[in-house]
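Enquirer: After the structure tokens below, expect a handful of questions from me.
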Amino acid sequence: MESKLPDVGLTIFAVMSRLAQETGAINLSQGFPDFDVSPQLIDRVTHHMQTGHNQYAPMQGVLALRAAIAAKVEALYGARCDPETEITVTSGATEALYAAVTALVRPGDEVLIIEPAYDAYEPVVRLSGGRPVFVPLSFPDYRIDWDAVARSISPRTRCLMLNAPHNPTGMVLAAEDVAALEAVADRHAFYVVSDEVYEHIVFDGRPHLSMVASPMLRDRSFVISSFGKTYHATGWKVGYCLAPEALTAEFRKIHQYLTFATSTPVQMALADHLSTCDDHLTLADFYQAKRDRFRDLLAATRLRPLACQGTYFQMVDYSTVSTEADVAFAHRLTAEYGVAAIPPSVFYHDRRDDRVLRFCFAKHDHTLEEAVEKLCRI
Ligand code: PMP
Ligand code: GLN
């Protein structure tokens, strides 16, 4: 069969996690926490399963959850979203990204993708017949060059894929970034698909600058988040999309035939939890302490950590240790030293390789300590 995605292989997350498993390495590659989900939240899921909430949820999501999301978004970003017409619950952020891009992109449309980019973006754009136009972040400070973004815009530009806090680099938007984007958006008509799944993991007192908080950008944005990151429950695959009514209507046309709905008892439990607990407000401090611990430990190695402003990923420069390509180095690190990491060249269309690796620090301290002990042997 002729492939619709001839250049796509197995995602790096599956590749590295499998290698870690086969070799018994500590898995700091694929991003997932090794902490338990809150027992209260587990209790709520069990409760809703045991009290008969096991059939299809409404297509757009359980209303109580959409209302709880609206309350959170208003409290944090000062933006009012109508749960009926502007919020859709999805089966993870991955589904939301797919639905948003599919709703927007027509054959021949250009889509701006800032690189390194989460690996789901480009294939979805291509499946819709879109043409990705890549704009690199600067290196090693990983900032968006807004002049380069502006120069990449053409009459065919349909949307910008934005991700902040940024996976894999930990970059977080500053007020100047939002102002620069507003200035570009003022001159050109394009939509924004804003992947904000790490919205609650921003460090050093910085705020998360959501697209919903900008009245101008909000009107043209699909804002996507995920409960997986926030509640240490990546396996539950529940996310959501905020968008103005007209965009939400188009988004739901795709969502209804993609998954139709998302797990009912889990949505109901998330609604209970989000409306009664503030765990998301302490997540940044929790992960900042993890980041600091991991960076302190890394000081004993020959690896050099780059800046990390948010997310649970740390980029590490190994250029003084080896000239090997990052994919080869990541494989050798896993097989020979017992620690798995992600080679970020896979997040660039041209496989640009800056001799860095991405480590996930969403792990117990003892896991990080054991991993760094192994990294000290390099
Ligand atoms: N976007 C980014 C930037 C991510 O890191 C992830 C990771 N898991 C996702 C989207 C997908 O989220 P979900 O697991 O909720 O589908
Ligand atoms: N988002 C996670 C990461 O960046 C992985 C998600 C996945 O495995 N698809 O590591």
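Enquirer: Taking the stretch 266-378, how much of its Cα-Cα pair set, in percent, is spaced more than 17 angstrom apart?
Expert: Here the long-distance tail beyond 17 Å is 59 percent of all Cα pairs in the stretch 266-378.
Enquirer: Suppose every K and R has +1 on its Cβ and every D and E has -1 on its Cβ; what is the size of the dipole of the stretch 150-296 about the Cα centre, in Debye to the nearest 20?
Expert: Details: 15 positive and 17 negative charges, 123 e Å.
Dipole magnitude for the stretch 150-296 comes out near 580 debye.
Enquirer: Let me ask you something else. Rg and Dmax in Å for the stretch 127-233, alpha carbons only: what are they?
Expert: Considering the stretch 127-233 through its Cα atoms, Rg and Dmax are 14.0, 42 Å.
Enquirer: Quick one: putting +1 on the C-beta of Lys and Arg, -1 on the C-beta of Asp and Glu, what dipole do you get for the chain around its Cα centre, in Debye to the nearest 20?
Expert: Taking the Cα centre of the chain as origin, the dipole is about 520 debye.
Enquirer: Need one number: % antiparallel among DSSP beta bridges in the chain, to the nearest 5.
Expert: The antiparallel proportion sits near 45 percent.
Enquirer: Starting with the fewest neighbours, write out CYS308, CYS277 ranked by other beta-carbon atoms found within 10 Å of each beta-carbon. Don't skip to the end; give the middle numbers.
Expert: Details: CYS308 26, CYS277 14.
Ranking CYS308, CYS277 by Cβ neighbours within 10 Å, fewest first, gives CYS277, CYS308.
Enquirer: Quick check: net charge around VAL372, other residues with Cβ under 12 Å of its Cβ, Lys/Arg +1 and Asp/Glu -1?
Expert: Result for the local shell: +1.
Enquirer: Do the alpha carbons of any pairs in LYS229/LYS363; LYS72/LYS290; LYS229/LYS290; LYS229/LYS374 sit beyond 20 Å of each other, and which pairs? Don't skip to the answer; put the middle values down first.
Expert: Working: LYS229/LYS363 13 Å; LYS72/LYS290 25 Å; LYS229/LYS290 15 Å; LYS229/LYS374 27 Å.
The pairs that break the limit, which is 20 Å between Cα atoms, are LYS72/LYS290; LYS229/LYS374.
Enquirer: With charges only on Cβ, +1 for K and R and -1 for D and E, what is the dipole size of the stretch 27-95 about its Cα centre, in debye, rounded to 20? Each step should come with its number before you reach the end.
Expert: Working: 4 positive and 8 negative charges, 21 e Å.
So the magnitude is around 100 debye.
Enquirer: Let me ask something else. Can you find, among LEU181, ILE87, ALA148, the residue sitting farthest towards the positive end of the charge dipole of the stretch 59-195, where Lys and Arg contribute +1 and Asp and Glu -1 at Cβ?
Expert: Going by the charge dipole, the pick is ILE87.
Enquirer: Of the options GLN40, MET171, LEU283, report the single residue whose Cα projects farthest towards the positive end of the charge dipole of the chain (beta-carbon charges: Lys, Arg +1; Asp, Glu -1).
Expert: MET171
Enquirer: Separate question: How big is the C-alpha Rg of the stretch 50-169 next to the rule-of-thumb value 2.2 N^0.38 Å, as a ratio?
Expert: 1.29
Enquirer: Still on this structure, I have one more. If packing is taken as the mean number of other Cβ atoms within 10 Å per residue, what is the order of 294-300, 88-94, 108-114, highest first?
Expert: Working: 294-300: 15.9, 88-94: 24.6, 108-114: 20.9.
Answer by packing, highest mean first, reads 88-94, 108-114, 294-300.
Enquirer: How big is the stretch 223-264 along each principal axis, measuring the range of its Cα positions in Å and listing the largest first?
Expert: 32, 20, 13
Enquirer: I need the phi-derived Karplus couplings for the stretch 191-202: 6.51 cos²θ - 1.76 cosθ + 1.60, θ = phi - 60°, integer Hz, Gly and Pro marked x.
Expert: Going residue by residue, I get 8, 10, 9, 10, 8, 10, 5, 9, 4, 9, 10, 10 Hz, with x marking Gly and Pro.
Enquirer: Using just the helices of the chain, give the 222 nm mean residue ellipticity in deg cm²/dmol: DSSP H runs with n ≥ 4 each add -39,500 (n - 2.57), and the total is spread over all residues, rounded to 500.
Expert: Helix-only estimate at 222 nm: -12000 deg cm²/dmol.
Enquirer: Can you put LEU160, LEU10, LEU127 in order, fewest other beta carbons within 10 Å first?
Expert: On the way: LEU160 25, LEU10 8, LEU127 15.
Lowest count first: LEU10, LEU127, LEU160.
Enquirer: Sticking with this one: Given contacts defined as C-alpha pairs under 8 Å and at least six residues apart, what's the relative contact order of the chain, whole-number percent?
Expert: Relative CO of the chain lands at 25 percent.
Enquirer: Further, regarding this structure: Have a look at the chain and give its Rg and Dmax from the Cα atoms, expressed in angstrom.
Expert: Reported Rg and Dmax, both Å: 20.3, 59.
Enquirer: Work out the charge dipole of the chain with +1 on the Cβ of Lys and Arg and -1 on the Cβ of Asp and Glu about the Cα centre, then indicate which of ALA67, ALA325, THR262 is farthest towards its positive end.
Expert: ALA325
Taken together, the values in this text are just the output of simple stated rules run on the coordinates, not laboratory data. If you're wondering where the values come from, they're calculated on a predicted model, not measured in any experiment. Because the Cβ atoms are built from the backbone with ideal geometry, glycine has one as well, and the counts that use them run over all protein chains shown.
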